[in-house]
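One structure below.
The values are calculated or read from the model by the stated rules, or taken from the named source; none is laboratory data. The structure displayed is predicted, hence computed values, not measured ones. Because the Cβ atoms are built from the backbone with ideal geometry, glycine has one as well, and the counts that use them run over all protein chains shown.
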Amino acid sequence: MDESSGILKKWLTVQAYKHDGRLHRQWSPGYCVEETENYWAIASKASLVIEDDGRHWMTKENAVFLLFKNMWMNIICMFKEGGGICYYANIASPTIFDEGYLRYIDYDLDLKLYPDHVIKALDENEFENNIVRYGYSPELVDAIRHSFNEIRSLMTAGKFPFSDEAIRALYARFLTESKPFIPHS
């Protein structure tokens, strides 16, 4: 029993909120393949995503979700059919572990790094609109813009978490560790 209960504790649910405290999006539990002092690495073969309006959909790719404890970002690393990894960087509050959930505030602005190393900024209009809608303070806007620039630099340099080798190693651990529990006879 001890072995299975330890495994169950490694399956965690991620929740994204908006600045006003409203739940924005939730993912079905993923497997926590690694926790360090800086981040949680959650891996999955597919996730059910539930939006705030009740819509739900399934992710298409195997992925590693890196949720940082002290940095204003989280990264979804999606394995593409052609063999490359696509990185989706959310500008977000640092993630906290609260009441069994990994939670963060989504601040709209995103960056996407494609397998061919093209970087694309996303949701800039949404970010500008939400500065007014939610009343983001100048300090918060500065922190979000600073994180955006920091992420772009990390992407350009190919530094962690934008390292295919490191992400593939995390996913390989998931495949090894998350095998079904079979009781000993």
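Quick notes on this structure:
- Scanning region 50-88 for residues that are more than 16 Å from Tyr17 (Cα to Cα) and touching a helix residue (DSSP H, G or I) at 6+ places or on another chain (Cβ under 6 Å) yields a count of 3.
- Close pairs (8 angstrom Cβ cut-off, 6 or more residues apart or separate chains): surrounded by 14 or more Cβ atoms within 10 Å (Cβ to Cβ) in region 145-174, in a helix (DSSP H, G or I) and not polar (S, T, N, Q) anywhere: Phe160/Leu154; Phe160/Ala166; Pro161/Leu154; Pro161/Ile167; Phe162/Leu154; Phe162/Met155
- Checking Lys60 against (1) over 30 Å from Val141 (Cα atoms); (2) buried (at least 21 other Cβ atoms within 10 Å of the Cβ); (3) free of Cβ contacts under 8 Å to residues at least 60 places away in the same chain, the condition it does not meet: (2)
- Of the residues examined, Pro161 is one that is part of a loop (DSSP other than H, G, I, E, B), under 17 Å from the mean Cα position of the chain (by Cα) and at pLDDT 95 or above.
- Among the numbered conditions (1) of a type in the set (D, E, K, R); (2) in contact with a strand residue (DSSP E or B) (Cβ under 6 Å, 6 or more places away or on another chain); (3) farther than 11 Å from Ile151 by Cα, the only one that Glu99 does not meet is (2).
- When Ser153 is tested against (1) out of contact with any Lys or Arg (no Cβ under 6 Å at 6 or more places or on another chain); (2) outside any helix (DSSP H, G or I); (3) within 25 Å of Cys86 (Cβ to Cβ), exactly one condition is not met: (2).
- Residue within region 15-26 that is farther than 27 Å from Arg145 by Cα and either modelled with pLDDT under 95 or assigned to a strand (DSSP E or B) (or both) present: no
- Every pair of residues 6+ apart whose Cβ atoms lie under 9 Å, when the first sits in region 115-133 and is more than 18 Å from Ile75 (Cα to Cα) while the second is surrounded by fewer than 11 Cβ atoms within 10 Å (Cβ to Cβ) and at pLDDT 95 or above: none
- Across region 85-114, the qualifying residues are those that are of a type in the set (Gly, Ala, Ser) and touching a residue at least 60 places away in the same chain (Cβ under 8 Å), and the one among them that is nearest to Tyr134 (Cα to Cα) is Ala92.
- Where strands (runs of 3 or more DSSP E) fall wholly inside region 36-105, the ranges with 1 or more residues that are closer than 18 Å to Leu12 by Cβ are 39-44, 48-51, 63-68, 74-79, 85-92, 96-98.
- Candidate set: region 113-144, residues that are of a type in the set (Asp, Glu), part of a helix (DSSP H, G or I) and surrounded by 13 or more Cβ atoms within 10 Å (Cβ to Cβ); chosen: the one farthest from the chain's Cα centre (by Cα): Glu128
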